[in-house]
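Encoded as structure tokens, the structure appears first; notes follow it.
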Amino acid sequence: MVASLRGIFLLAALYALAGCLALQTAVPPGYAAPLFPPAGIALAAVLIYGRRLLPGVFVGALVVQFMAARQSGLDPLQIWHFLLLSSLGATLQALFAHFLARRLLGDGNALDCPQSVIRFVAVVAPVGCLISPSAGTALLLLSGAITFADSLFTWVNWWAGDTLGVLI
């Protein structure tokens, strides 16, 4: 139990630190970073140590969402429910990518042959990273943080950042 709590805390801290650093590269008008390593950190942790670390993804994502809201000039306390839902989206994304990897690569998650590498690069990373950008962009629209005209740019930038983060 203590090892799990330590793992959750460590994952949350790594996710939050990497996420806050990645936010420094966020491109206006949205607050999506063009490279977001925490998506890869979350998937790697869940693949290696199991789904029991998913609460660490949620907590780390919540810290990043809070910082992103402040950086964008939003009051996090007024949109706390959107921040919680967006953090849930990041957590569900890690779970979904974990599911895809286990399904397409097997239990060992070995990337030791061309077929498994191709499956990871062509399916697990890009398809596994659809949830957080979709949920996050929709929530940004609903909260009024971005306009409809900016939503496609925000979604593509968010998806590309998460996908590149997983690939790295």
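Against the conditions (1) in contact with a Lys or Arg (Cβ under 8 Å, 6 or more places away or on another chain); (2) at pLDDT below 95; (3) assigned to a helix (DSSP H, G or I), where does L95 fall short? Just the number, please.
For L95, the failing item is (2).
Show the residue pairs that are 6+ apart or on different chains and have beta-carbon atoms under 9 Å apart, the first residue being within the range 143-168 and open to solvent by 70 Å² or more (accessible area, probe 1.4 Å), the second being among the aromatic types (F, W, Y).
L164/F36; L167/F120
Being open to solvent by 50 Å² or more (accessible area, probe 1.4 Å) and free of Cβ contacts under 8 Å to residues at least 60 places away in the same chain: is that true of L83 here? Write out each step before concluding.
On the way: open to solvent by 50 Å² or more (accessible area, probe 1.4 Å): no; free of Cβ contacts under 8 Å to residues at least 60 places away in the same chain: yes.
Spelling it out, it is not the case that L83 is open to solvent by 50 Å² or more (accessible area, probe 1.4 Å) and free of Cβ contacts under 8 Å to residues at least 60 places away in the same chain.
Going by the conditions given, is L74 part of a helix (DSSP H, G or I), hydrophobic (A, V, I, L, M, F, W, C) and within 17 Å of A32 (Cα to Cα)?
On the way: part of a helix (DSSP H, G or I): no; hydrophobic (A, V, I, L, M, F, W, C): yes; within 17 Å of A32 (Cα to Cα): yes.
No: the conditions fail for L74.
Looking at (1) free of Cβ contacts under 8 Å to residues at least 40 places away in the same chain; (2) open to solvent by less than 60 Å² (accessible area, probe 1.4 Å), which is the one condition that is false for G108?
(2)
When the residues of the range 27-49 are narrowed to those that are out of contact with any helix residue (DSSP H, G or I) (no Cβ under 7 Å at 6 or more places or on another chain) and under 21 Å from P126 (Cα atoms), which ends up modelled with the highest pLDDT? If you could, list the steps in order and put the result at the bottom.
Filtering the range 27-49 for residues out of contact with any helix residue (DSSP H, G or I) (no Cβ under 7 Å at 6 or more places or on another chain) gives 28, 44, 48.
Keeping just the survivors that are under 21 Å from P126 (Cα atoms) gives 44, 48.
Details: A44: 95, I48: 92.
Looking at the filtered set, the residue picked out is A44.
Assuming S72 fulfils every condition listed in (1) modelled with pLDDT under 95; (2) open to solvent by 10 Å² or more (accessible area, probe 1.4 Å); (3) in contact with a helix residue (DSSP H, G or I) (Cβ under 8 Å, 6 or more places away or on another chain) apart from one, which condition is it?
Failing condition for S72: (3).
Could you say whether any residue in the range 2-12 is crowded, with 19+ Cβ neighbours inside 10 Å, more than 21 Å from C129 (Cβ to Cβ) and touching a residue at least 40 places away in the same chain (Cβ under 8 Å)?
If we filter the range 2-12 for residues that are crowded, with 19+ Cβ neighbours inside 10 Å, which is where we start, we get 8, 11-12.
Narrowing the set further to residues that are more than 21 Å from C129 (Cβ to Cβ) leaves 8.
Filter once more, keeping what is touching a residue at least 40 places away in the same chain (Cβ under 8 Å): 8.
Checked against the condition, which is being crowded, with 19+ Cβ neighbours inside 10 Å, more than 21 Å from C129 (Cβ to Cβ) and touching a residue at least 40 places away in the same chain (Cβ under 8 Å), the range 2-12 yields at least one hit.
Which residue out of A61, A33 is open to solvent by less than 50 Å² (accessible area, probe 1.4 Å) and not in a loop (DSSP other than H, G, I, E, B)?
On the way: A33 fails: not in a loop (DSSP other than H, G, I, E, B).
Criteria check complete, one pass: A61.
In the range 13-26, which residues are open to solvent by 70 Å² or more (accessible area, probe 1.4 Å) and either within 20 Å of P55 (Cβ to Cβ) or modelled with pLDDT of 95 or more (or both)?
Passing the criteria: L14, L17, L21.
For L21, only one of the following conditions fails: (1) of a type in the set (A, V, I, L, M); (2) farther than 26 Å from D150 by Cβ; (3) free of Cβ contacts under 8 Å to residues at least 24 places away in the same chain; (4) part of a helix (DSSP H, G or I). What is its number?
L21 satisfies all of (1) of a type in the set (A, V, I, L, M); (2) farther than 26 Å from D150 by Cβ; (3) free of Cβ contacts under 8 Å to residues at least 24 places away in the same chain; (4) part of a helix (DSSP H, G or I) except (2).
The values are calculated or read from the model by the stated rules, or taken from the named source; none is laboratory data. Because the structure is predicted, anything quoted here is derived from the model rather than measured. Cβ: placed from backbone, ideal geometry, glycine included. Neighbour counts: every protein chain shown. Ligands, DNA and RNA are excluded from the accessible area calculation, which covers all protein heavy atoms including side chains. Shrake-Rupley method; radii C 1.70, N 1.55, O 1.52, S 1.80 Å.
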